Structures are given as C-alpha cells and as structure tokens.
1. Give the range 301-349 a look and list any residue that's in a helix (DSSP H, G or I) and of a type in the set (Ser, Thr, Tyr), or say none.
2. Can you tell me which residue among Arg21, Arg9 is without any contact (Cβ under 8 Å) to a residue 12 or more places away in the chain and closer than 23 Å to Leu180 by Cβ?
3. Of all residues being at pLDDT 95 or above and touching a Phe, Trp or Tyr at 6+ places or on another chain (Cβ under 9 Å) in the range 238-253, which is nearest to Thr176 (Cα to Cα)? Just the residue, please.
4. Out of curiosity, is Gly310 at pLDDT below 80 and either assigned by TED's automatic domain parsing to the domain that holds Asn63 or over 30 Å from Phe418 (Cβ atoms) (or both)?
5. Take the residues in the range 1-38 that are in contact with a strand residue (DSSP E or B) (Cβ under 8 Å, 6 or more places away or on another chain) and surrounded by 13 or more Cβ atoms within 10 Å (Cβ to Cβ); name whichever of them is farthest from Leu263 (Cα to Cα).
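The values are calculated or read from the model by the stated rules, or taken from the named source; none is laboratory data. It should be emphasised that the depicted structure is a prediction, and the values quoted were computed from it without experimental measurement. No Cβ is skipped: glycine too gets one built from the backbone with ideal geometry, and neighbour counts run over all protein chains shown.
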Amino acid sequence: MAANGVKTRHSDYDLFSQKWRRCRDVVAGQDNIYFGTTLYLAKLAEETDPEYKKRQERTPFFNATWRTMAAFIGMMFRKPPAKTYPDKLQKLLDDVTMSGVSFDNFAQDVALEDIMVSRVGVLVDYPNGNITNPDGTAITMAQAEVMGLRPSMVMYKAEQIINWRYEFINNHYTLTQVRLWEQHTEVETEFKDKKFAVIRVLDLINGHYRVRRFIEENESQIGWDIYPTMNGQPMQYIPFYFIGPDGGEPELSEPVLIDLVDLNIKHFQVSADFEHGCHMTGLPTPWIAGATPQSFAADGSPIWPKLYIGSMTAWMLPAGAEVGYLEFNGQGLKALTDNLDKKEAQMAAIGAKMLTPEKTGVEAAETVAMRHAGENSILAAIAVAVSEGLTKALKVFAEWAGVPVTEDNIKFDINRDFMPFPMSPQALTSLLAAVQAAQLSSESFFDLMKRGDLIDAEISFEDEQARIDAAPAMPPPVAAPIGEDKPIPEPKDKGTEKPIEEKDK
C-alpha cells in the first residue's frame, strides 16, 4: 500500500536544514569544512581545481565553535543531574536505548544536539506494543520481561524530524502526526548489506496512537499498522517530545550558535587569505635586468639559459646587468592578522553572551559574581528545556515499565550552577553570622556551601544533618583573653601559692 506524499517535508524544513548543516560542519571540524569546498571557501578567478585544493589545505580551521560547545556541556554536567525515580527503573535506565547507552549519557547526547542546532526529539518506544495473550488479555510485566519486551528511548536529530502536525483536541494543542526519517540496514548476501531510508509515521487515528513505516523511495508501507497499548489499553497520545532552546514547542528556532558558526566560517575565509598571502610572499623571487640571450633558435627567438641558485653555481652576465630579489614589504598581511584577532575576540564574546543573564542597571561586584551561575542565561534555558522534555519522556517510560507515576516521584533536573560559586573566607564568615542571627536558614547556608563546591553535590541536607548528629561531641575551644595574643598560662599549684599577708587583707 502506497502513501503518496509521506516523504513531503515541512514548509520550514529546507530553510532551517541549511543552517543545521553549517552548524554540524563547523562543529565537526576541518575535514567537513574542506569537504564542503566552495560552500565555505570561494575559488579565486581562473583558479584551477588543484590550485584551489592546495590553497584550501594550507588553511587551518580554528574550531572555536566546538570548543565553546564542549565547555557548555562541561558546565551543564559539572555536577550530576538531580534525579528522582523508583529504584525499579535503575536497571532499565542503565541501558535506556537497548543499545548500551545509559540514561545519563543519553541526556548528554540530547543536550549536545539542543546546543548545536536548537532542535531534537525524543521518542519513547515499546517493541510490539500490541502483543496480547491468546485469549486477548494483556500480558503481564513478568511475561514482558521474559519475552524481552521493555520500553526504550530513541533520539531523533533535527534533520530526521521531517514533518509534524498539531491540532486542537478538547481545547488542547495536541501532536497528531510526526514523520521521522530513519536509515535501515538489511542483510542482502552473506557479505553485503543493503541500506535504505524509511519514514516512520506516528499519528492519532480516531483518538488512538498508531505507528506505520514506509520505504522513502517508493512510499510503500512495510508491514501492518501497529496500535501500541499501555496497561492493556490503547494510547491516546503520541509519546514523542520536541526539545528546543527554550521549551518543548514544535516551531523551529534559530540555532543559538548560528552567529558563532557563521563568524567561525568568516574566520576561516580570512585565514585562507592570510595563508595564501604568506605563501605568495614568503619566498623571495630572484630577478635579472639587462641580461642578453646567449643563442637564438632557428626562428630567431632567444634561448635563455637555465640559472640555478646556490654556492656551487655561477652566472655569466653582461656588463651593466642587475640582479636582486623581489621581497614583500608593507602592511597588507598585518591587516589580515588584525582581522583574525578581531574575529577571535568576537567569537569569544558570543560564547560568553550565552552565559550572561539579561540584566540592566548597576550591580555590585558581589552580585555580578553570583550571577555567573547563569540562572537566566541562554544555556540555563537549554538546561531547563532538556530537563523538562526528558522528565516527560521518563514518566512515559516508567508507565510502560509498569512503575506507578505520581506528580513528584519522577524528576530529572540538569545542573544550572555552571561555575563554582566564589566563597571567600569573609563571605563564609558573613553567611555563618547570618545563620547565627536567624537571618539565613541552615538549609540555605548548606545549599550555598554546595554551590561553592565546599560540600559534595551528592550529599543532601538531611544526610549532612545525620552525619553531624552521629559525630562525637567536640569540647568547646578555649578562647584567649581579649587583647591577648599569648596563650593562657597554666594555673599554679595551690601548694606553692604565697599566703595572703594580714596587711593585704
């Protein structure tokens, strides 16, 4: 059965796919930039392909974008994400993709995609979700475990989400269809595999979740329609979750790194001009003026002898001839180096901007230091979006695994304290004084200590209190008298004390 138009892409797809490609090529680095050829470096006038290739290969690619991304991921996962879920899920989350990827690593992959192109999707899947017992009743979780049936999560990159549709159902903006591009491999012969593209269609039909698969080339369907069930009941929603730069909306957003990516490409182009200039001017060129040919060809054209440079050769030149070297001088290349320095500074500023909250007005130095946690920054918004999207997926995952889900028993929250909180001795003393004066709670003080990396991020306030209660009591320290720097002297033996004279009474 064919489905005409199943591979049709969304109207915004082609526009954004060009930006996604630039982001991926720049992040991938030099090989991808070279492979893009004239997409990233134009040819010079009358430049041959071999000359172009040599000029391209002389130009190093300064990958500021990848370094920035790697720094962002390191900041987001500097501390382990806060996770809340029943212990029963742990074994499944150790291999959440059924291909050996743990949930923590899966979360990092999702965050990396969201930073790179500002779009990623997560599907919660269940193999053969419509399997039932011979009598038509739903199989138990024990039966499913024996059969190897269990939920999993699949990440789809932006380019794989080719089309989607939302509709209002019962006054709710509901995902009613999403089409996902996949590549499948089949064994063709003993030593040869066959690869082909498949479009997976997830939709709601008569209020029930349906899954179909079509070969992209001829749009013919593979197999039958599948209606996944959960707890023996048809599902009434599509377990697919969009994750963007600031939430789970399906609308396409400008990649947050696109300005950095485009500037990185411009830096590469200026670098190519600089390296080409160095190549053209780096080796002095000898010149001769006033030389005469030693012989002539039959047609009268002069025959010039080959001249070699070196200490073991000599040139026989007529009187009055002049020789010299053409050497580069001037400020042409300095302008290019200044341009490169300027672009590198601009790239650093763009990366730093993603960590800077949008604040106005004059702030004290201490306030500026505290803002480095980036609670209102672009990177923090991405951390929130990924956390919320994965929490929704995790809840469906748990339900499909037979784990009861409540409002608070399943959560996933990525760290947003991107930089260690500077805790000077003076600040620590002031905070402790505030606790003693009942102006700051002990729990808030404890949280600040964790942000300053003075306490392990994995330890809870309750655990720390239990440690304190279990520790043996320490004797209070003996304080020196005010104004004294000397230690308190040991008391004298009573037997050696001089009796008080009568006159002293």
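1. Thr337
2. Numbers: Arg9 fails: without any contact (Cβ under 8 Å) to a residue 12 or more places away in the chain.
Unique residue meeting the criteria: Arg21.
3. Selected residue: Ile238.
4. Criteria met by Gly310.
5. Looking at the filtered set, the residue picked out is Ala3.
Okay, residues lined up against (1) touching a Pro at 6+ places or on another chain (Cβ under 6 Å); (2) at pLDDT 80 or above:
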position: Gly277; (1), (2): no, yes
position: Gly282; (1), (2): no, no
position: Trp287; (1), (2): no, yes
position: Gly290; (1), (2): no, yes
position: Pro293; (1), (2): yes, no
position: Pro302; (1), (2): yes, yes
position: Gly320; (1), (2): no, yes
position: Val323; (1), (2): no, yes
